[in-house]
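S.K.: Once you've had a glance at the structure underneath, I'll fire off some questions.
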Amino acid sequence: MSSHGIPTPMTSYPSGPLVGTAEVPGDKSISHRALILGAMAVGETRVTGLLEGQDVLDTAKAMRAFGAEVTRHGEGEWSIHGVGTGGFAEPGEVIDCGNSGTGVRLIMGAMATTPITATFTGDASLNKRPMARITDPLALFGATAHGRSGGRLPMTIVGASNPVPVRYVTPVPSAQVKSAVLLAGLNAPGETIVIEKEATRDHSERMLAGFGATLTVEDTEEGRVITLLGQPELRPQQIAVPRDPSSAAFPVCAALITEGSNVLVPNIGLNPTRAGLFTTLREMGADLTYENEREEGGEPVADLRARFSPQMSGIAVPPERAASMIDEYPILSVVASFAEGRTEMRGVKELRVKESDRIEAMAVGLRANGIVVEEGEDWWIVEGRGPRGVPGGATAASHLDHRIAMSFLVLGMGAQAPVSVDDGGPILTSFPIFEPLMSALGARIEKG
Ligand code: S3P
């Protein structure tokens with residue numbers, strides 16, 4: 001959907017080889033966190049490589065509404081003049097986080113221990129998503145939430161005037177929940193403790209430490225225990241945002257399924273809490289190599305090279321890997337369609353509460369394009385049809401979900417007949433240059 005609410009249908013045609021270098025944009029998770037922590041530091045944080053997708057732009061706007069000075073200096077170059085921990089002003093407007101669950105959930109956490117009131121809303125997708133997973137722990141700090149039934153947006157949060165620190169075991173594997181609690185803990189006195197049974201992406205922990213917060217992480221029998229000492233003075237940082245592995249997934253997977261392809265995707269962060277898809281693809285027999293492996297800013301980074309891989313087989317993806325590739329199951333199901341045999345994806349209930357119900361959205365669209373898919377509440381299985389065996393030819397609904405839209409457009413590149421999506425507009429939330437980048441590699445995508 002465009003900003004005017006008009007859907008943008010898009011069609012992807014069977015493509016010749018995809019060849020060249022794909023420079024994908026900055027990491028979405030890290031971009032949100034750089035803006036929010038920058039706004040909570042004292043002084044000026046500088047960011048390069050910020051993702052300028054709509055989700056992140058909405059977070060930038062929100063940080064301005066809470067009193068931070070947020071300035072764009074050039075492509076991906078931003079500065080944030082922060083107001084300090086506990087320094088947020090009460091916004092004079094409703095905070096519209098658009099499509100972004102990460103934006104709204106992290107910002108709710110960041111403001112919940114400051115005695116101000118803010119009202120949050122989003123688009124039709126975000127306003128359906130569960131927020132109780134955030135407001136439950138925020139209530140323990142002393143914040144109150146008034147939302148629609150089922151804990152949905154629009155919602156007003158009244159920040160705690162005398163916040164207390166919290167010890168919280170996250171009931172679902174969610175980096176957003178963990179991060180909201182940690183951000184709330186910043187303005188509570190004493191130690192806030194978050195325990196997660198399964199490790200989720202750890203960008204908040206890494207960045208909090210970078211900003212000078214006192215934080216420890218321990219692996220125990222109970223899980224990963226993160227202890228944060230409240231009320232630090234966060235020191236402004238220079239942040240170079242690495243490129244997004246979740247965006248890299250699209251050109252990588254497109255190359256694997258499109259005959260003759262050879263694509264280099266440079267400078268991709270391979271933080272183990274994010275890199276599960278690439279491990280899975282290699283286990284399936286994908287010709288995917290890591291070149292120039294190195295460390296940058298404390299994160300493992302490599303250039304990914306993906307070549308057409310007609311020899312892939314389906315596998316059972318280990319459920320314990322789910323958190324490290326949670327956003328990549330839609331595009332994995334596309335690759336699985338081109339593999340021989342079944343790909344089983346289990347322990348993935350969280351997929352049902354993303355920007356869309358991603359199991360349902362992919363299952364319906366893949367079936368329309370000639371793939372057999374079975375599904376249950378927390379699992380799904382894709383029956384591969386082999387490297388040249390995917391019929392295609394149908395239109396899939398993207399349900400306001402960028403990753404669903406991009407996944408079906410990639411499907412069309414390797415299929416026998418074109419694949420359309422009813423609305424490619426949501427792609428702007430995370431990967432605004434998707435269409436020109438894929439076209440430059442040799443894909444044929446048309447709007448309308
Ligand atoms: C994110 C966490 C994940 C992920 C989302 C980004 C983050 O969500 O799906 O795209 O930046 O913390 P959950 O916390 O709901 O798993």
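S.K.: Quickly estimate the mean residue ellipticity at 222 nm for the chain, helices only: each DSSP H run with n ≥ 4 gives -39500 (n - 2.57), and the total goes over all residues, rounded to 500. Before the final figure, lay out each step's value.
M.R.: Details: 12 runs with 127 residues, N = 448.
Result for the chain: -8500 deg cm²/dmol, rounded to the nearest 500.
S.K.: DSSP loop (so not H, G, I, E, B), at most 12 other Cβ within 10 Å: list which GluC sites (Glu not before Pro) in the range 325-379 pass both filters.
M.R.: Working: sites: Glu328, Glu340, Glu344, Glu350, Glu355, Glu360, Glu374, Glu375, Glu377; in loops: Glu355, Glu377.
Here the sparse-neighbourhood loop sites are Glu377.
S.K.: Could you give the size of the charge dipole of the chain about its Cα centre, using +1 on the Cβ of each K and R and -1 on the Cβ of each D and E, expressed in debye and rounded to the nearest 20?
M.R.: Numbers: 38 positive and 53 negative charges, 96 e Å.
I would put it at about 460 debye.
S.K.: Which of the GluC sites (Glu not before Pro) across the range 1-110 are loop residues per DSSP, with 16 or fewer other Cβ within 10 Å? The partial results should precede the final answer.
M.R.: Details: sites: Glu23, Glu44, Glu52, Glu69, Glu75, Glu77, Glu93; in loops: Glu23, Glu52, Glu75, Glu93.
Counting only loop positions with at most 16 other Cβ atoms within 10 Å, the GluC sites (Glu not before Pro) in the range 1-110 are Glu23, Glu75, Glu93.
S.K.: State the extension gain, in nm to one decimal, for the chain segment bounded by Val172 and Glu360, taking 0.36 nm per residue of separation less the distance between their alpha-carbons. Please report the intermediate quantities before stating the final value.
M.R.: On the way: separation 188, 0.36 × 188 = 67.68 nm, distance 2.01 nm.
Fully extending the segment from Val172 to Glu360 adds 65.7 nm.
S.K.: Follow-up question, since we're still on this one. Direction-averaged shadow area of the convex hull around the Cα atoms of the range 28-228, nm²? Please report the intermediate quantities before stating the final value.
M.R.: Working: hull surface 39.6 nm².
In nm², the orientation-averaged hull projection of the range 28-228 is 9.9.
S.K.: Expressed in whole Å with the largest first, what are the equivalent ellipsoid semi-axes of the chain derived from the C-alpha gyration tensor as the square root of 5 times each eigenvalue? Before the final figure, lay out the partial values.
M.R.: Details: eigenvalues 264, 92, 90 Å².
So the equivalent ellipsoid measures 36, 21, 21 Å along its semi-axes.
S.K.: Across the chain, how many lysine pairs, 8 or more positions apart or on different chains, have C-alpha atoms separated by under 26 Å? Please give the number.
M.R.: Eligible lysine pairs with Cα atoms under 26 Å apart amount to 19.
S.K.: Full-extension gain between Ala417 and Glu340, please, as 0.36 nm times their residue separation minus the C-alpha to C-alpha distance. Provide the component values of the computation, followed by the final result.
M.R.: Details: separation 77, 0.36 × 77 = 27.72 nm, distance 1.96 nm.
Length gained, Ala417 through Glu340: 25.8 nm.
S.K.: If R₀ is 30 angstrom, what is the calculated FRET efficiency for the pair Ile6 and Val372, using the beta carbon separation as r and rounding to 0.05?
M.R.: Numbers: r = 34 Å, r/R0 = 1.14.
Working from the Cβ atoms, E equals 0.30.
S.K.: Further question on the same structure: Between Lys447 and Asn262, how high is the FRET efficiency from 1/(1 + (r/R0)^6) when r is the Cβ-Cβ distance and R₀ = 30 Å? Nearest 0.05.
M.R.: On the way: r = 27 Å, r/R0 = 0.90.
It comes to 0.65.
S.K.: Would you report the distance distribution of C-alpha pairs in the range 1-141 as whole percents per 5 angstrom bin, up to the bin with the largest distance?
M.R.: Computed distribution, short to long bins: 2, 9, 17, 19, 19, 13, 9, 5, 3, 2, 1, 0.
S.K.: What translational diffusion coefficient, to the nearest whole µm²/s, does the range 274-388 have by Stokes-Einstein, given a Kirkwood radius computed over alpha-carbon pairs, a temperature of 37 °C and 0.692 mPa s viscosity?
M.R.: Details: Rh = 14.7 Å.
Once the numbers are plugged in, D ends up at 224 µm²/s.
S.K.: Could you calculate the FRET efficiency of Thr121 with Glu218 from 1/(1 + (r/R0)^6), where r is the beta carbon distance between them and R0 is 60 Å, rounded to 0.05? Numbers along the way, then the final one.
M.R.: On the way: r = 38 Å, r/R0 = 0.63.
For Thr121 and Glu218, the calculated efficiency is 0.95.
S.K.: Now for a separate question. Once both labels are modelled 7 Å past Cα along the beta-carbon direction, what's the Thr21-His146 spacing in nm?
M.R.: My value for the distance between the label points is 5.5 nm.
S.K.: Using a probe radius of 1.4 Å on heavy atoms only, what accessible surface per residue do you get for the chain? Whole Å² is fine. Display every interim value, and only then the final one.
M.R.: Numbers: 15590 Å² over 448 residues.
Roughly 35 Å² per residue, with all protein chains present.
S.K.: Let me make sure I get this right: for the range 51-130, a, b and c are the square roots of the gyration tensor eigenvalues over alpha carbons, sorted descending. Under 1.5 in a/c it's rounded, otherwise prolate if a/b > b/c, else oblate. Which is it?
M.R.: Note, shape of the range 51-130 comes out oblate.
S.K.: OK, next. Working out 0.36 nm times the residue gap between Thr156 and Ala209, then minus their Cα-Cα distance, what length gain in nm do you get to one decimal? Let's see the in-between values first.
M.R.: Values: separation 53, 0.36 × 53 = 19.08 nm, distance 2.99 nm.
Here the answer is 16.1 nm.
The values are calculated or read from the model by the stated rules, or taken from the named source; none is laboratory data. All figures in this text were calculated on a predicted structure; none of them were measured in a lab. Cβ coordinates were reconstructed from backbone atoms using ideal geometry, including for glycine residues, and neighbour counts include every protein chain displayed. The area values use the complete protein model at the heavy-atom level, side chains included, leaving out ligands, DNA and RNA. Shrake-Rupley method; radii C 1.70, N 1.55, O 1.52, S 1.80 Å.
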